[in-house]
Amino acid sequence: MSTHERPEGLKPVQPTRPGSLAPQAQPGPEIPRLQRRVVSVLVGGQILGGIGMGATLSLGSLLAAQLSGSNAWSGMAATMSTLGAAFAAVPLARLAQARGRRVSLSTGALIAGAGAVTAITAASLGVFPLLLLGLMLLGAGSAVNLQARFAATDLSRPGSRGRDLSIVVWSTTIGAVLGPNLFGPGEIVGAALGLPPLTGAFAFSVAAQLAAAVVYATGLRPDPLLTAMASRVTDLAAPKPKSGLRILRSNPRARYAVAAVALSHATMVALMSMTPVHLRDHGASLTVVGLTISLHIAGMYALSPVFGWMADKVGRLPTILLGQAMLLVSLVLAGLAPDSGTAVTTSLILLGLGWSASVVAGSALVAESAHVQDRPAIQGVSDLSMNAAGATGGALAGPVLAAVGYSGLGFLSIALVATVIIWTALQPRRPAQDQEQP
């Protein structure tokens, strides 16, 4: 964006020599109002996008087992979804850096809608590889959800960054909790439309993703990321953007933040993705499976504003440690009482809560670990790492479940939590605001 295109309400900055940082512009009265609007639009998009999340994670594993003929392939549902999110992360981040969040988020939502159509087609034809492709495309919706949380920080103040980010994360609760409970209505709608079993809820995903794309495309004007870039540096002063990998090599704090988010996500995906299969093998009904996943997803998102407040007020590192403690208790509970429905449900709730605390605080660290023009790059790498780790966890979870059972899966996953706890203990204890980059 050129200097003469700077949005209304931003005070210009004086050019500095090329390659140096320009002094940060003082936001005019339009910036706080624009930030409130951006958060509201992101909340609306997240609610719509979250509707398809539950169906993708829960019904996807059941469809994979059905079409492949083996439970060992059920983990591929979460794997392909997270791989899709990983593959979409960097291209969507680059698109955001070049064209803004509006174009990037709406494009990702459209890709996810196409994935839901592909999954329905695969089930209709009985083609397992086509289902995997559809689930991969649906993963772009997860990439949009992840990028939306960073979009909430583009114009936020350092002292409220965790709060703004967590509000957008929290908003996913409504759609994500509603998603698994659309199994029953989805089957009714699917039967009326002539769709095969277990695909009706994907029809809701198509409509929700299309609506989310419209919300992002029409609501994010002016674009928050382009506005932030215009408010921070002038065209003459802007340093050349760094790649995400270069930032990771030179920034230990960024490496830690990216790793904490990725490993926490891998822990969550590994156990959660196998829970529907484990419950069904123990005689649980589809309704019970849907309720369990709904409670898990509620744990992932419902208390995220609390963890955002903690990340701002108590600190990023203590909040990450709290998240790891909850993940640890969840895994131990799953390992000790895999045959208890109550214990499994409690474990899944704690798994969601631990993920929420770790990802909200870790994402706040990622968002503030680079200069404004470099943030999309490090955020894209973070999302790529997060989803690649989740895909690996999901891929390994199926064979591990077949080999050592649900209990063994829980105990083996403790190694991931231990890694984050040790790495966190080695981090220097500095106030969050000291990490802020101009």
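The values are calculated or read from the model by the stated rules, or taken from the named source; none is laboratory data. These numbers come from a predicted model, not from an experiment. In this analysis, Cβ positions are derived from the backbone assuming ideal geometry, glycine residues included, and neighbour counts consider all displayed protein chains.
Kindly state which helices (runs of 4 or more DSSP H) lie completely within the stretch 265-358 and contain at least 3 residues that are under 18 Å from GLY394 (Cα atoms).
Values: elements: 286-301, 304-313, 316-336.
Where helices (runs of 4 or more DSSP H) fall fully within the stretch 265-358 and carry at least 3 residues being under 18 Å from GLY394 (Cα atoms), they are 286-301, 316-336.
Checked against the criterion of being at pLDDT 85 or above, of a type in the set (Gly, Ala, Ser) and in contact with a helix residue (DSSP H, G or I) (Cβ under 7 Å, 6 or more places away or on another chain), the candidates GLY54, GLY49, GLY60, GLY44 yield just one match: GLY44.
Name the single residue that is farthest from the chain's Cα centre (by Cα) among those in the stretch 363-387 being charged (D, E, K, R) and in a helix (DSSP H, G or I). By that ranking, first place goes to ASP374. Write out, first by first residue and then by second, each pair whose Cβ atoms fall under 8 Å of each other, whose residues are 6+ apart or on separate chains, and whose first residue, in the stretch 212-225, is under 10 Å from GLY100 (Cβ atoms) while the second is crowded, with 23+ Cβ neighbours inside 10 Å and among the acidic types (Asp, Glu). Filtered contacts from the stretch 212-225: PRO224/ASP154; LEU225/ASP154. Taking GLY390, is it outside any loop (DSSP other than H, G, I, E, B), small (Gly, Ala, Ser), under 19 Å from VAL277 (Cβ atoms) and within 22 Å of the chain's Cα centre (by Cα)? It is true that GLY390 is outside any loop (DSSP other than H, G, I, E, B), small (Gly, Ala, Ser), under 19 Å from VAL277 (Cβ atoms) and within 22 Å of the chain's Cα centre (by Cα).
Does ARG157 fit the bill of being crowded, with 24+ Cβ neighbours inside 10 Å and of a type in the set (Lys, Arg)? Talk me through it step by step, then tell me what you get.
Numbers: crowded, with 24+ Cβ neighbours inside 10 Å: no; of a type in the set (Lys, Arg): yes.
Spelling it out, it is not the case that ARG157 is crowded, with 24+ Cβ neighbours inside 10 Å and of a type in the set (Lys, Arg).
Selection of the stretch 291-340 for residues being surrounded by 20 or more Cβ atoms within 10 Å (Cβ to Cβ), more than 19 Å from the chain's Cα centre (by Cα) and at pLDDT below 85 yields only THR292.
For the stretch 188-209, a residue qualifies if it is crowded, with 18+ Cβ neighbours inside 10 Å and in a helix (DSSP H, G or I), and the qualifying residues are GLY190, GLY200, ALA201, PHE202, ALA203, PHE204, SER205, VAL206, ALA208, GLN209. Just a yes or no: is a residue in the stretch 216-226 buried (at least 21 other Cβ atoms within 10 Å of the Cβ), at pLDDT 80 or above and of a type in the set (Val, Ile, Thr)? Checking the stretch 216-226: not a single residue is buried (at least 21 other Cβ atoms within 10 Å of the Cβ), at pLDDT 80 or above and of a type in the set (Val, Ile, Thr).
Of LEU92, LEU110, LEU133, which residue is crowded, with 24+ Cβ neighbours inside 10 Å, aliphatic (A, V, I, L, M), part of a helix (DSSP H, G or I) and at pLDDT 90 or above? Can you show your working first?
Values: LEU110 fails: crowded, with 24+ Cβ neighbours inside 10 Å; LEU133 fails: crowded, with 24+ Cβ neighbours inside 10 Å.
LEU92 is the lone residue from the list that is crowded, with 24+ Cβ neighbours inside 10 Å, aliphatic (A, V, I, L, M), part of a helix (DSSP H, G or I) and at pLDDT 90 or above.
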